[in-house]
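The values are calculated or read from the model by the stated rules, or taken from the named source; none is laboratory data. Here the structure is a predicted model, which is why all the values come from computation and not from measurement. All Cβ positions, glycine included, derive from the backbone under ideal geometry; neighbour counts span all protein chains shown. The area values use the complete protein model at the heavy-atom level, side chains included, leaving out ligands, DNA and RNA. Shrake-Rupley method; radii C 1.70, N 1.55, O 1.52, S 1.80 Å.
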Amino acid sequence: MKIVFFLCFALPSLAWANNLRPLQYNHPGLVVDLGVGLWAWPLPMDWDGDGDLDLVVSCPDKPYNGTYLFENPGGSKLPVFKKAVKIGKGYGNIRVSYPQGKPEVLIPGMRFVDFVGRGFGRTEKLHDDRPTIESGKVRARQWQFADYDGDGIQDLIVGEGFWGDYGWDDAFDDQGNWTNGPLHGWVYLLRNSGSNEVPDYDKPRMLEADGRPVDVYGMPSPNLVDFDGDGDLDLLCGEFLDGFTYFKNVGSATRPEFAAGRRLQHNGKDLAMHVQMIVPTAVDWDGDGDQDLIVGDEDGRVALVEHTGLIDEDGLPRFLSPVYFQQEADDLKFGALATPYGFDWDGDGDEDILAGNTAGNIAYFENLDGKPEPKWAAPVLLKADKQTIRIQAGPNGSIQGPCEAKWGYTTLSVGDWNHDKLPDLVVNSIWGKVLWYPNIGTREEPVLGAARSVEVAWPGHPPKPTWNWWLPEGNELVTQWRTTPVMVDWNRDGLTDLIVLDHEGFLAFFERKRGEDGRLILRPGKRIFVDQSGRPIAFNSQHAGKSGRRKIDVVDWDRDGDFDILLNSVNAELYRNEGSMGEKTILKSAGHLARRKVSGHTSSPTTIDLDRDGKRELLVGAEDGRFYHLK
C-alpha cells in the first residue's frame, strides 16, 4: 500500500492560501539593471555560439537559486541582455577560466565537461575539494585553471576565504575597535606535474607576493592572466568587501614572482563596487586585446569593469569604474533582501512601492496605470536633502563586524509622522537607529528632507541593546537592528504611533501624545502585546548578531475591525488580534499566509491594494530582491 504524506501549514480557513508570484514590470521596452538573486557568480562565455559573449550567471540563494543565461543580442560592449532563462541549479564557488581560449567551468574539486551550450550534465573529478591545510571557517573555495609556469600544462589555482581569525560576532571594544582578527583571502597553486589529459596535481602551496603569502580581505576570486601585456601572468584578486588588489608579475612567464599588492584605482580613488561579496572574472569582454573584469555583486547585479589598455608608470593597469549591465525588464527587483511598503507615494490614486535593501538605499517603484496588474516604472533611488539615501555600517556599525561595512539593511514604513498631511518615511537599518525623513515637498511631488532621529520622551538615559558598543545620543530611539518600524494610529486617537521591536526584542507600542504646549510626544514603548497566557511577546530575544531581523507590518488582515500583525517567516506569518486582556492585546499565530517559501535569510511582508477594491493584498519582499504578490 502506498502511503502519501502531505506537508501542511497552519492556515486560517480563508481563501487567501494561494501561491505567491513575483510582480512583473508589464512594461515592454523598459530597460533595468540585469540581476539574479542574492550574490551573482558570473560566467561570461559564448553560450549560443553566435560570436559574442553572453552572460551565464549562477546564484546560490533562495528562492532564486539557479544558473541563468542572459543572451547577448549583440551590437555593443554594453548590450541590453535578454530576460533570464534558467539552465540549471545554482552554485556558489563556481568559476570560469579560459585555457587555450575555451571556457572551463569548475566548482571545488570538480569540472563540468562540455559546459558551453549544455550545462551541468557531465562532471569530472579533479581532486579532493579540500586540498589545503586550513580547517574551520572557510567560506570560499574558488577553483580555476591557469598555466602558472608557462609550460603549456594547466595547473589549478584555488582561492580561499578564511574566517578562523575573524570569528563572527560581537567583538568590538567600547571605543568601536574590532578585537578579533581580519578576514583572510589566500591563493594556492596546485601545480600539474602530469599532462592536460592525465593531470597529477602536486600538494598545494600558497602563492606569495613580495615574500609574503598573498592575503586579501576574504574571498579572493583570483584571476591569473596577463593584465599588463608583457607576456607573463599577473594576479588580480577581489575580496569579501568591494575592492580589487593587483599583484604584478615581476618575474617571468616561466618563473612567476609577484610584487606587493596594490589597489586598483580610478581618478585617484580606490575602484569599488556598489555593495560587497564581489566576484571578478577576467575576460576580454570587448575584444580589444586586454583583460577586462566581469564582476558579480552581492545584490545580484553584474558589472563591466573595463580595462582601458593603459598602464601607469608604476605598472598599475588602468580600469574604468563599474558599469552595471542592463536587461529587458522582467520581475521587479531591488537589490537583495528587499523590504517593500505599499503606498500611494505620488498621490495619483494608485499604490506604488517603496523599498529598502541590503545596500542601504531606498527605492521608489511608480505604478504607472493603476491596473490590477500594473505597468511599473524602473526603480528610482530616493534622495534626502538632495543626497541619495545610503545608510551603511562602515567599519563598526554592524554588530557582526567590519566585514559588513557596505551593508545598510534599510527597512521602512510610510505615514504622516509630523502631522502635516504629507507622507514621511520612518526607517531602521543595520545600526538599529530609528530615523525619519520629513516630506518637505507636496503630496503629488514628495521631496525628503535630511534624516532626523525619532525621539522618545525617555524618563532617563535611552535604552539600547546590551551588545551595542555605542550609546544613543539625546533621546533617540535605538532598537534591535534590521527590524521594521511601523507607523500606525494603533489606538485610533488621530495621532501616528509607532509599533516596533524594543531593544530587548519584545514587540512594543510607542504611543503618540500631545504635550501641554501642543507638541507631539512619543512615549516609551509598552509591551502591550501578549499571548493567550498574558506573557509579553518577544519576536526575537536572541543575542547580538542573531537579534532583530524581524520584519513586520500592521494591518486589519481579516477585516474584523482591529489591527493584526504580519511577521516575516517562510513568507508571512499572521498574528491575529484576538481581543483585549485589560490594557493588553492578545495576539495568536494563525500560520503562514501562503504555500510558497520565498525566504532565504528572511522575508519582509507588507500589504498593497493593486486592484483598488479596498482589500489589502499580501506583498512579500524576498532575499532575491523581488516582490512576491498574493492576490
- Selection count where residues are under 30 Å from TRP163 (Cβ atoms), open to solvent by less than 10 Å² (accessible area, probe 1.4 Å) and among the hydrophobic types (A, V, I, L, M, F, W, C), scope segment 385-430: 3
- Query: Taking the stated definitions as given, is ASN192 open to solvent by 60 Å² or more (accessible area, probe 1.4 Å) and among the polar types (S, T, N, Q)?
  - Reply: no
- Index of the failed condition, ARG139 passing every other in (1) in a strand (DSSP E or B); (2) open to solvent by less than 50 Å² (accessible area, probe 1.4 Å): (2)
- Query: Which of the residues belonging to segment 31-52 are open to solvent by 10 Å² or more (accessible area, probe 1.4 Å) and part of a loop (DSSP other than H, G, I, E, B)?
  - Reply: LEU38, TRP39, ASP46, TRP47, ASP48, GLY49, ASP50, GLY51, ASP52
- Query: Only one of TYR148, TYR166, TYR246 is touching a helix residue (DSSP H, G or I) at 6+ places or on another chain (Cβ under 9 Å) and at pLDDT 95 or above; which?
  - Reply: TYR166
- Looking only at segment 588-602, decide whether some residue is over 26 Å from PRO372 (Cα atoms) and aliphatic (A, V, I, L, M). yes
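Among the residues of segment 497-515, are any of a type in the set (Val, Ile, Thr) and either in a loop (DSSP other than H, G, I, E, B) or open to solvent by 40 Å² or more (accessible area, probe 1.4 Å) (or both)?
Within segment 497-515, none of the residues are of a type in the set (Val, Ile, Thr) and either in a loop (DSSP other than H, G, I, E, B) or open to solvent by 40 Å² or more (accessible area, probe 1.4 Å) (or both).
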- Message: Let me spell it out: the conditions are (1) more than 25 Å from the chain's Cα centre (by Cα); (2) closer than 28 Å to GLY561 by Cα; (3) touching a residue at least 12 places away in the same chain (Cβ under 8 Å), and GLY494 meets all of them except one. Which number is the exception?
- Response: (3)
- Residues of segment 525-558 being open to solvent by 50 Å² or more (accessible area, probe 1.4 Å) and farther than 29 Å from GLU623 by Cα, which ones? LYS526, ARG527, GLN532, SER533, ARG535, PRO536
- Set SER541, SER533: member being among the hydroxyl-bearing types (Ser, Thr, Tyr), assigned to a loop (DSSP other than H, G, I, E, B) and within 28 Å of TRP467 (Cα to Cα): SER541
- Task: Considering only segment 402-433, state which residues are of a type in the set (Phe, Trp, Tyr) and under 14 Å from the mean Cα position of the chain (by Cα).
- Result: TRP407, TYR409
- Show the residue pairs that are 6+ apart or on different chains and have beta-carbon atoms under 9 Å apart, the first residue being within segment 139-151 and touching a residue at least 24 places away in the same chain (Cβ under 8 Å) and closer than 30 Å to CYS403 by Cβ, the second being surrounded by 24 or more Cβ atoms within 10 Å (Cβ to Cβ) and acidic (Asp, Glu). ARG139/GLU160; ALA140/GLU160; ARG141/GLU160; GLN142/GLU160
